[in-house]
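Since the structure comes first, as structure tokens, the remarks are kept for the end.
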Amino acid sequence: MIQLKEAKKIYKNGRTEYPALNGIDLTIENGEYVAIIGTSGSGKSTLLNIIGGMDQTTDGQYLYDEKNVSKMNSHALHLFRKEYVSFVFQRFALLNQYSVYENVEVPLLAKGIEKKERKKKVLSALMQVGIQDLYKKKPSELSGGEQQRCAIARALVMDTPVVLADEPTGSLDKNSGIKVMELLEGLHEQGKTLIIVTHDMDIAEHADRIIQIEDGKIVADTKKN
Ligand SMILES: Nc1ncnc2c1ncn2[C@@H]1O[C@H](COP(=O)(O)OP(=O)(O)OP(=O)(O)O)[C@@H](O)[C@H]1O
């Protein structure tokens, strides 16, 4: 369970302060499918980054299944991310110096899984997202949709309980966007917590719960029946 209590984030640049989150109280149960919406600059990405342990609150608390993530140092945060969170972020999800195959293999190497088993898992994940023929390419040689699918393949092998996606269909054509959403929703159907940030109301409507934030505060929280 994800629990934020009065979570605040203030970015500082010299003496200037930029409040991004102004007291977020939020509980997301394990296995929920949530969309976070809001205007540009409202704090959506900041909130997602905090939930994923990529950034820390400046005030308030973040608990994940009773673990106090807001008190973790950078090493503990690294371990938290590795065990619990997969990111499907187009901008910085993939390592450009590695091939598609290697990008999907990296988390398995980190877990110490042996080579034969790694190969089986990587190929199976690439097949599931339909980019098995592109396994030798570098991410920069892929289309936006293919990059997203590669990031989803990595999320598949990581098998973490939480999957976070920031504008997963942002720069994709309609069909690639539909494919990416189907793959993400497949992860949710496996029981994972799926949280997506999106500008697109049509995409948000897929989720079981829509949270709207404005000026770093939750202004609406709607669950489907
Ligand atoms: N590193 C930073 N330093 C200073 N201010 C920042 C930083 N990152 C974000 N901000 C500010 O925090 C606020 C929230 O930013 P955030 O990226 O979370 O918004 P967002 O809702 O995801 O926006 P968008 O939809 O445009 O991506 C904005 O006012 C932004 O300018």
> Being touching a Ser or Thr at 6+ places or on another chain (Cβ under 7 Å), of a type in the set (A, V, I, L, M), within 24 Å of V106 (Cβ to Cβ) and away from the ligand (no atom under 16 Å from the Cβ), is that true of even one residue in the stretch 187-202?
Replying inline: no
>> I'd like the residue in the stretch 3-16 that is modelled with pLDDT under 95 and near the ligand (Cβ under 9 Å from one of its atoms) and, out of all such residues, is nearest to G52 (Cα to Cα).
In response: Y11
>> Quick test for you: out of I37, I24, I51, pick the one residue that is buried (at least 21 other Cβ atoms within 10 Å of the Cβ), within 13 Å of the ligand (Cβ to nearest atom) and either under 18 Å from F87 (Cβ atoms) or of a type in the set (D, E, K, R) (or both).
In response: I51
> How many residues does the stretch 66-96 contain that are crowded, with 19+ Cβ neighbours inside 10 Å, assigned to a helix (DSSP H, G or I) and of a type in the set (A, V, I, L, M, F, W, C)?
Replying inline: 1
>> So in the stretch 111-147, with the set limited to residues that are free of Cβ contacts under 8 Å to residues at least 40 places away in the same chain and of a type in the set (S, T, Y), which one is farthest from M158 (Cα to Cα)?
In response: S143
> Before we move on, is I196 of a type in the set (A, V, I, L, M, F, W, C), closer than 18 Å to Q3 by Cα and outside any loop (DSSP other than H, G, I, E, B)?
Replying inline: yes
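The values are calculated or read from the model by the stated rules, or taken from the named source; none is laboratory data. Given the structure is predicted, the values throughout are model-derived calculations rather than measurements. Ideal geometry is used to build each Cβ from the backbone, glycine not excepted, and the neighbour counts take in all protein chains shown.
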